[in-house]
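Read the structure below first, then the notes.
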Amino acid sequence: MRKINLALGIHNHQPVGNFDFVFEDAFQKAYLPFFEVHEKHADIKLAQHYSGILFEWIDRHHPEFTERLRQMVKRGSIEMMTGGYYEPILMTIPDEDKLGQIKKLTKYVKEKTGYDAIGAWLAERVWEPDLPEPVAKAGVKYTLIDDAHFKYTGLKEQDLYGYYLTEHNGHILNIFPISEKLRYTIPFRPIEETVDYLKSIATEKGDRLIVFADDGEKFGVWPHTYEQCYQNGWLESFFRMLEDNKEWIHIVSFREALEKLDPAGRVYLPTASYREMMEWALPSRAIHEYEAFEKWLKENKMNPDFKVFVRGGFWRNFLAKYPESNNMHKRMLRSSNRWRSLAQKKKSKRLDKALDFIYAGQCNCPYWHGIFGGLYLPHIRNAIYQQLIMADREMDAVEMSAAEKSAGWARSQVADFDGDGFDEVIVETERMNLFFAPRSGAQLFELDYKAINHNML
């Protein structure tokens, strides 16, 4: 009998500053009903990742869910994953913060579920070649990345039925390719299409592995998916199909795959993210040219294998494309660097609070945009500034002397704050932070009113 190994993973996240009713809506329409269907088919093994901000919210508002999750973990139905606690794009934050964020979520997952997570979800699957070092140092053994990343190296579809090793400076990380085919059939296409695909790649030896991993929100929050997954019973039927075909579809956890299957080889992946993200990161004019070229390839019936050589930009382009994104990013780095300088000199619970505020200010969502908002949502941007200003206030309290606190204080700095090759002027007081751009007619581009933790501009 021809057999195939299948590993399943779900990623769940809501951004810092999102409205409470959005959290609740996503919980009721996606996270809870998905879990309830899985509970009825508990023999199916599944990896679950909850960002720290979302996990905290669920535990605070629905503590009974945390206990049910813990029981599913205990019986071996769920393998928990770690990652950056506040879901940062890892390569955009300092290495010390990468380690801190991952270790914070690993600890929280252990406390709430009893599971020692060894796999990490990579926010937006944004990859850069030096990531294995800090991620491995944080205790992570594996991560999941789109199969397109692997194809950019020249590997073909038939090379990706397994997992690979990569490394940076000798720090090794196992990487699993996420099947784009399965991302597009689950849960949008008839279940038979997934079954037919799995049959087409199964072998007599049964040593191949295929991976499905994607956002939990596509199971209830995305348009029409609640009706598809639950009212029309797609998810229930999908799990039942897996049970009915367990003789040849072997569901394995990622941890089991590492233990039972040999790696397919060593690979070094280029800087990349998923295909749509790299298109969105291009300058506006280039997006139109990119789309026109893709259309030309399709109309001229070019080999679909060639599409992997047609790539857009990459995540950091958002910082060049949008000054709002870059200013927020450099503001976050400034707070992070200030914290490390202070932490070398002093120990304080206020610094511990400040660090967590900085971590929250690294949440990726308002630094870029897809088709659902992100950078364009002012309340999400405001939340990042709120966290960074609260961090500043804690650091002010630690750094300022008693005399300065009683008399009031002010300080200024001239530096290239935003990395554009021209100096900005930064003025900080007990009540305000003011950021000026002399090159733009002394434009005031950030005005923080600390009493309400708000960037007025």
Quiz item: Which percent of Cα-Cα pairs in segment 86-197 sits in each 10 Å bin, short to long?
Solution: 13, 39, 31, 16, 2
Quiz item: If the convex hull of the alpha-carbon atoms of segment 352-457 is projected onto planes in all directions, what is the mean projected area in square nanometres?
Solution: 7.8
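How big, on average over all directions, is the shadow cast by the Cα convex hull of segment 385-434, in nm²?
About 3.9 nm², averaged over all directions.
Counting each DSSP H run of 4 or more residues in the chain as -39500 (n - 2.57), what helix-only mean residue ellipticity at 222 nm follows after dividing by all residues, to the nearest 500 deg cm²/dmol? Before the final figure, lay out the partial values.
Numbers: 18 runs with 190 residues, N = 457.
The per-residue figure over the chain is -12500 deg cm²/dmol.
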Quiz item: By how many nm would the segment from D244 to E24 grow when fully extended, if each residue of separation counts as 0.36 nm and the alpha-carbon distance is taken off?
Solution: 75.8 nm
Exercise. Kindly give Rg over Rh for segment 297-426, based on alpha-carbon atoms, with the Kirkwood expression for the hydrodynamic radius.
Key: 1.16
Quiz item: Under a point-charge model restricted to the Cβ atoms of Lys and Arg (+1) and Asp and Glu (-1), what is the dipole moment magnitude of segment 18-112 relative to its Cα centre, in debye to the nearest 20?
Solution: 420
Quiz item: What is segment 10-60's relative contact order, in percent, from Cα pairs under 8 angstrom and six or more apart in sequence?
Solution: 68
Quiz prompt | Full-extension gain in nm, A407 to R60, via 0.36 nm per residue minus C-alpha separation | solution = 120.8 nm
Exercise. Summarise the accessible area of segment 7-47 (1.4 Å probe, protein heavy atoms) by the percent that is carbon and sulfur.
Key: 54
Quiz prompt | segment 111-262: radius of gyration and largest Cα-Cα distance (Dmax), Å | solution = 16.7, 50
Practice problem: Find the relative contact order for the chain and round it to a whole percent, using C-alpha pairs within less than 8 Å whose residues are 6+ positions apart. | Solution: 17
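Ignoring ligands, DNA and RNA, how do C229, C365 rank by accessible area with a 1.4 Å probe, largest first? Before the final figure, lay out the partial values.
Details: C229 0, C365 25 Å².
Sorted by accessible area, descending: C365, C229.
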Quiz prompt | In nm, spacing of pseudo-spin labels at S284 and V414 (7 Å Cα→C-beta vector) | solution = 3.5
Quiz prompt | Assigned charges on the beta-carbon of Lys, Arg, Asp, Glu; segment 339-457 dipole about Cα centre (debye) | solution = 500
Quiz prompt | Listed peptides 296-302, 271-277 by packing density, highest first (mean Cβ within 10 Å) | solution = 271-277, 296-302
Quiz item: By how many degrees, between 0 and 90 and to the nearest 10, does the Cα long axis of helix 378-399 differ from the longest principal axis of the chain?
Solution: 50
Quiz prompt | Farthest toward positive dipole pole in segment 356-457 [+1 Lys/Arg, -1 Asp/Glu at C-beta], among Y376, W409, L434 | solution = Y376
Quiz prompt | Fraction of the pair-distance distribution of segment 208-331 above 19 Å, Cα-Cα pairs, percent | solution = 72
Quiz item: Using all Cα-Cα distances in the chain, what percent lands in each 10 angstrom bin from 0 up to the longest?
Solution: 4, 19, 29, 26, 14, 6, 2, 0, 0
Quiz prompt | Dipole moment magnitude, nearest 20 debye, the chain about Cα centre, only Lys, Arg, Asp, Glu C-beta charged | solution = 760
Quiz prompt | Protection-proxy order for peptides 317-328, 139-150, 370-381, each taking the mean of Cβ atoms within 10 Å per residue, highest first | solution = 139-150, 317-328, 370-381
Exercise. Measure nothing but the geometry: give the 0 to 90° angle between the long axis through the Cα atoms of 191-201 and the longest principal axis through the Cα atoms of the chain, rounded to 10°.
Key: 80
Quiz prompt | Mean accessible surface per residue for segment 298-408, computed with a 1.4 Å probe while every protein chain stays in place, in Å² | solution = 51
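The values are calculated or read from the model by the stated rules, or taken from the named source; none is laboratory data. From a predicted model like this one, the values you see are computed outputs, not experimental measurements. As a convention, Cβ positions derive from the backbone with ideal geometry for all residues, glycine included, and neighbour counts pool all protein chains shown. Surface areas here come from the heavy atoms of the whole protein model, side chains and all, with no ligands, DNA or RNA. Shrake-Rupley method; radii C 1.70, N 1.55, O 1.52, S 1.80 Å.
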